[in-house]
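Presented below is the structure to which this report refers.
The values are calculated or read from the model by the stated rules, or taken from the named source; none is laboratory data. All of these numbers come straight from a predicted model, not from anything done at the bench. Virtual Cβ from ideal backbone geometry, glycine too; neighbours counted across all protein chains shown. When the accessible area is computed, the model is the full protein with side chains, heavy atoms only, and any ligands, DNA or RNA have been set aside. Shrake-Rupley method; radii C 1.70, N 1.55, O 1.52, S 1.80 Å.
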Amino acid sequence: MTEHSRTPAWNALEQHQRELSSLHLRDLFARDPGRFERFSLHAGPLFLDYSKNRITDETLALLLALAQEARLPEWIDRLFRGERVNDTEHRAALHMALRQQGDTPVLLDGKDVIPGVRQVLSHMRRFSESVRSGEWRGYTGQPITDVVNIGIGGSDLGPAMVVSALDADCGPLRVHFVSNVDGADLAGTLRALDPAQTLFVVASKTFTTQETLLNARSARDWFLAQARDPKHVARHFVAVSTQRDEVVRFGIDPSNMFEFWDWVGGRYSLWSAIGLPIALAIGMDRFDALLAGAGEMDEHFRRSPLPQNMPVLLGLIGVWYANFFGAQTHAILPYDQGMHRFVSHIQQVVMESSGKSVTRDGRPVDHATGTVVWGGPGTNGQHAYFQLLHQGTVLVPADFLAPMESRTPLGEHHRVLLSNFLAQPEALMRGKTAAEARAELERAGLSGEALERLLPHRCFPGNRPSNSLLFQKLDPRTLGALIALYEHKTFVQSVLWDINAFDQWGVELGKQLARDLLAELSGAPERAPHDASTRGLLDYVRRHLQNG
Ligand code: G6Q
């Protein structure tokens, strides 16, 4: 399905949007007392209220018809069966196999991938337990106190997010993440560390990523400046990769390598050995619980009928706003400080997966794809960008997330946090009418011209949609389910948009040009002629470059 605007469901949705656009959410709630019960559901540890969306039963029926037209059930099946759904790279996208509970074979080219997955998990368990227990010793015989993960993009964002979310109870190791090729990242991290008690995890699927390899080489220089003998590298550097030869070429002992496979996309790889820093930080049992939570969401996604399927509903509602209301962004607002990195990870999952403008068969899309995902923890955002959500001119659908139980209870903090979590979606939905604003101003003693002048500024249009996702506690199982929920939502949308969610060719062009420009910065002639701006900037940098 490529020419969406010509399909019956798409046309019906356009027509329906015109009818519905004049309706206010207040009215939808007023006329339908069963709305909350009907438009909410549980999946594993998650509870979703999607009643504050600009939808009716008819909207959902039409969106579900769109999903059927796009053959969503068939695509879900193809994904789970290990078909090469990533057809531009000729790869399956089988990250679900990494978190599958039970031994049901998952076949790729007739071979079960599960035994290999379990073998790597056992290796991760043995290794992480020996480092955490202090059995694994550094070159001076001292135990490891600090782990530095060196990776970028998918080899950084997911593990870094999970560690920051779940490491509140402080395990025996401090786990750090270095990703940026800006030397400040590595140097700043190493400043307080002792090479004799530091373990580096060099995480790179391809083991050719410029930033990661440079950071890893600099880390090795830092280590050897003290340790001297290169044979000590084996006790302090391990690798996570799909490319054994590259790992060996870099100088890491292959017995210190944790393998994964090309059917695991970078942004879907935290469930693989790329999750090693997670296991080191929180222990392998809790890493297993993270996998189990995601596995539970996989089962829900694979088996639930579309109308009771949480990733499907969220995906459809997202398409409703992106394609029929023209919403270009989507805010994710977790009311949990531990989730302060959650948005960055999901942003990559969504924006790398959905940032495409040709269909699976290479034709230009005739509809919007993808949304800009942004956000951050509440309540902080309320004192910053929420103003635009409430009274700005653009529509920003939002997901509000909150745990019912704080992991760090402190007086009445959690109650206050949750009161804000409840208040914001209500305020966005209800708004404040002119009559309400007028009454409020009158109560404050205003009247006449002063009141009239203020009135327009004090009105809120409301009718701003949101989802609320509630869970008992941010534990590994719940976090696993939440991440998998957004992964599958992204897949659903890719099917509706007829795009490949699993490639990322857009990342390549910048990488290629940077390689050329690096040589040119060192005096090599221009490989391909630059535009006047880039040439001017290159000359400027050459003249002013310091310490490079
Ligand atoms: C993710 C992307 C990208 C990738 C990084 C790191 O899906 O492909 O973010 O993860 O470019 O790649 P390596 O793991 O190969 O170093």
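For the range 90-146, which residues satisfy the criterion of being of a type in the set (Lys, Arg) and under 27 Å from LEU479 (Cβ atoms)?
Within the range 90-146, ARG91, ARG99, ARG118, ARG125, ARG126, ARG132 meet the criteria.
Checking SER40 against (1) out of contact with any strand residue (DSSP E or B) (no Cβ under 7 Å at 6 or more places or on another chain); (2) free of Cβ contacts under 8 Å to residues at least 12 places away in the same chain; (3) of a type in the set (Ser, Thr, Tyr); (4) open to solvent by less than 40 Å² (accessible area, probe 1.4 Å), which test does it fail?
(1)
Of a type outside the set (Phe, Trp, Tyr), outside any helix (DSSP H, G or I) and either away from the ligand (no atom under 13 Å from the Cβ) or at pLDDT 95 or above (or both), is that true of ALA279?
So ALA279 fails the test.
Take the residues in the range 502-548 that are loosely packed, with under 13 Cβ neighbours inside 10 Å and of a type in the set (S, T, N, Q); name whichever of them is modelled with the lowest pLDDT.
For the range 502-548, the residue satisfying everything is ASN547.
Got at least one residue in the range 477-492 being assigned to a loop (DSSP other than H, G, I, E, B) and either at pLDDT 95 or above or among the hydrophobic types (A, V, I, L, M, F, W, C) (or both)?
No, the range 477-492 has no match at all.
This table checks each residue for (1) touching a strand residue (DSSP E or B) at 6+ places or on another chain (Cβ under 8 Å); (2) buried (at least 20 other Cβ atoms within 10 Å of the Cβ); (3) not basic (Lys, Arg).
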| residue | (1), (2), (3) |
| --- | --- |
| LEU63 | no, yes, yes |
| LEU72 | no, yes, yes |
| ILE76 | no, yes, yes |
| ALA92 | yes, yes, yes |
| MET96 | no, yes, yes |
| PRO105 | yes, no, yes |
| ARG126 | no, no, no |
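Select from the range 345-376 the residues that are small (Gly, Ala, Ser) and closer than 18 Å to VAL396 by Cβ and write down the one among them that is surrounded by the fewest Cβ atoms within 10 Å (Cβ to Cβ).
Looking at the filtered set, the residue picked out is ALA368.
Just for the range 454-501: of the residues that are farther than 18 Å from VAL312 by Cα and aromatic (Phe, Trp, Tyr), which one is most open to solvent (accessible area, probe 1.4 Å)?
PHE460
Quick grid of which residues meet (1) away from the ligand (no atom under 16 Å from the Cβ); (2) open to solvent by 60 Å² or more (accessible area, probe 1.4 Å); (3) in a strand (DSSP E or B):
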{"residue": "ASP167", "(1), (2), (3)": "yes, no, no"}
{"residue": "LYS205", "(1), (2), (3)": "no, no, no"}
{"residue": "THR208", "(1), (2), (3)": "no, yes, no"}
{"residue": "LEU213", "(1), (2), (3)": "no, no, no"}
{"residue": "TRP263", "(1), (2), (3)": "no, no, no"}
